[in-house]
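Please read the structure below before turning to the comments.
The numbers here are math on the coordinates, done by the rules we state, and not lab data. If you're wondering where the values come from, they're calculated on a predicted model, not measured in any experiment. Ideal geometry is used to build each Cβ from the backbone, glycine not excepted, and the neighbour counts take in all protein chains shown.
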Amino acid sequence: MDRTLSEKESFELIRQMISTAKNNLQKGMGKIFLLWGYLVALISLANFILLVVLTGEAQYNSYYLWALMGLGYPVHWMWIRKIEHARMITTYVEKMMTWVWVAFAISIVTVVLGLVCSSLLVMNRMTMPGQEFLHWFQWLFMPPFLVCLYGLALFISGKAYQFRPMVTGGIICWLGALFLLVSLHHPQVLELQQAVICLCALAGFVVPGHLLSRKEKSHV
Amino acid sequence: MFKELDPLLHSPLRLAVMSVLIGSHEADFMYLKKVTNATSGNLSIQIDKLREAGYITVTKSFRGKMPRTTCRVSPEGITAFETYVEALKSYLPQ
């Protein structure tokens, strides 16, 4: 039955209900962070080891390891479907953050696709002097770009969710990107890039992922 | 001078539902039931009243094989809620 509220009761009810929606933390997001974090960290670590061990042309073949990133997508979609299935409320922050990560994924695909296409376009028509060097050199820009994008998405998410480890992870990724750009001419640039990607994946995704999972458990 | 309070919002359950929806993008019927401690029947009636007034939109879909009801506040609902809060303020001692 409907009963009338006093003005004070109305304000208290509004405050209480709004806060229940605000404190909602979507369960399962920590797992998504761990999936991509560990995948990137392991691939970059393996790539780093192969770059150190292998010599000559074989060194460059180690980059094919990155195709293993594709393994993450089916697992990612399976877990996202589970999260969506269990989702009972969507806050404005969550809605906005979904779009931030969609924009992040589009940016990653744009950078990778752009560089691959540019490489394929010139591969068989290198006539100008120095073109081969430029063809090789353009690939060095991919890791700093990608790590910079990690930083952007992590920083925004961390600030929106008020989750400090994610903010810290974002800042570490930006510093990593800066370091990679500064060290573009370093003799061991290839190895350095993989090592920094690995560290950034650990700091930006694995550590916040574990902390997020722990936080989710304590909210159940 | 006391302003008139919207009778549709000046009821505990309807106000609770509107407050949750104001603070979120959308909410599931089961979530609203959980946070308001209401019975399914009563909550359905109150949600229907809010929907008829145009304050919220209700979407029915399926989650696997289970039916799912999702509620979202409409622009009219946001305006009504803001007007209600403004009116409430006039009752507070200055």
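Values for this structure:
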read-out	value
Relative exposure of B:VAL35, A:VAL93, judged by other C-beta atoms within 10 Å (fewest first)	A:VAL93, B:VAL35
Spatially proximal aspartates and glutamates relative to A:LYS27 (Cα-Cα < 20 Å; intrachain offsets below 8 disregarded)	A:GLU84, A:GLU94, A:GLU216, B:GLU26, B:ASP28
Label point 7 Å beyond Cα of A:TYR38 along Cβ direction - residues of region A:53-74 with amide nitrogen under 17 Å	A:68-74
Principal axes of chain A: Cα extent on each, largest first, Å	84, 32, 31
A:ARG125 paired with A:LEU181, simple spin-label distance in nm, labels 7 Å along Cα-to-beta-carbon	3.1 nm
Per-selection Kirkwood Rh - chain B (Cα, Å, 1 d.p.)	13.9 Å
Exposure proxy order (Cβ contacts within 10 Å, fewest to most) of A:TYR60, A:TYR38, B:TYR84, A:TYR73	A:TYR73, A:TYR60, A:TYR38, B:TYR84
Of A:LYS8/A:LYS215; B:LYS33/B:LYS65; A:LYS8/A:LYS159; A:LYS215/B:LYS60, those spanning more than 24 Å from alpha-carbon to alpha-carbon	A:LYS8/A:LYS215; A:LYS8/A:LYS159; A:LYS215/B:LYS60
Per-residue Cβ neighbour rank within 10 angstrom, fewest leading, B:ASP48, B:ASP28	B:ASP48, B:ASP28
Helix runs (DSSP H) in chain A reaching 24 Å along axis by Cα, Kyte-Doolittle at least 0.5	A:29-53, A:92-122, A:142-161, A:164-182
